[in-house]
Amino acid sequence: QVQLVESGGGLAQAGDSLRLSCAASGRTWSIYTVGWFRQVPGKEREFVAAISGSGDSTYYADSVKGRFTISRDNAKNTVFLQMNSLNPEDTAVYYCAAANNYVLYTISWRYSYWGQGTQVTVSY
């Protein structure tokens, strides 16, 4: 079992930066692929980024490539999402998710464990 808790969301203005954290429980955390997704009301959950268990491999949605960076510190059981050059289209609830696999999934149902989400709101 893995439990995930996101933090770091909040209000930002266009062009600002925020860093989200995803803290996990579980002794085997380092083998889990972790993904970040986001969702706005009335829309499907959207893939943002994923990172392998070792941190050596990452993958990003085109909409955030070059602006967001996913990283992890396995010693601290934490995955981060550094979000730069935010724009109002980034406004959403952001979720982290974990999958006990080596594949960098972009599909939400491939992930078995989810956090409760953290709200990010970006204004002009």
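The values are calculated or read from the model by the stated rules, or taken from the named source; none is laboratory data. This structure is a prediction, so every number in the text was calculated from the model and none was measured. Cβ atoms come from the backbone with ideal geometry, glycine included; neighbour counts cover every protein chain shown. All accessible areas refer to the heavy atoms of the entire protein, side chains included, with ligands and DNA or RNA removed. Shrake-Rupley method; radii C 1.70, N 1.55, O 1.52, S 1.80 Å.
Charge tally around Gly115: other residues with Cβ under 14 Å, Lys/Arg +1 each, Asp/Glu -1 each, net +1. Remark: the Ala14-Thr106 segment gains 30.5 nm on full extension, using 0.36 nm per residue and subtracting the alpha carbon distance. Remark: segment 44-54, residue by residue, has Karplus-estimated 3J(HN,Hα) of 6, 5, 10, 5, 10, 6, 9, 9, 6, x, 7 Hz, where x stands for each Gly or Pro and the curve is 6.51 cos²θ - 1.76 cosθ + 1.60 at θ = phi - 60°. With all protein chains kept in place, the per residue accessible area of the chain amounts to 52 square angstrom at a probe of 1.4 angstrom.
Across the chain, Cα pairs under 8 Å and at least six residues apart give a relative contact order of 36 percent. For Thr106, no residue has an amide H sitting under 5 Å from its own, ignoring neighbours fewer than 5 places away on the same chain, with H placed 1.01 Å from N. Find out how many positive minus negative residues lie around Ala49, taking Lys and Arg as positive, Asp and Glu as negative, among other residues whose Cβ is under 15 Å from that of Ala49. Residues near Ala49 contribute +2 overall. Restricting the trypsin sites (Lys or Arg not before Pro) of segment 27-67 to loop positions (DSSP other than H, G, I, E, B) with no more than 15 neighbouring Cβ atoms within 10 Å leaves Arg27, Lys43, Lys65, Arg67. Taking the chain, how much of its Cα-Cα pair set, in percent, is spaced more than 19 angstrom apart? The share of Cα pairs beyond 19 Å in the chain comes to 40 percent.
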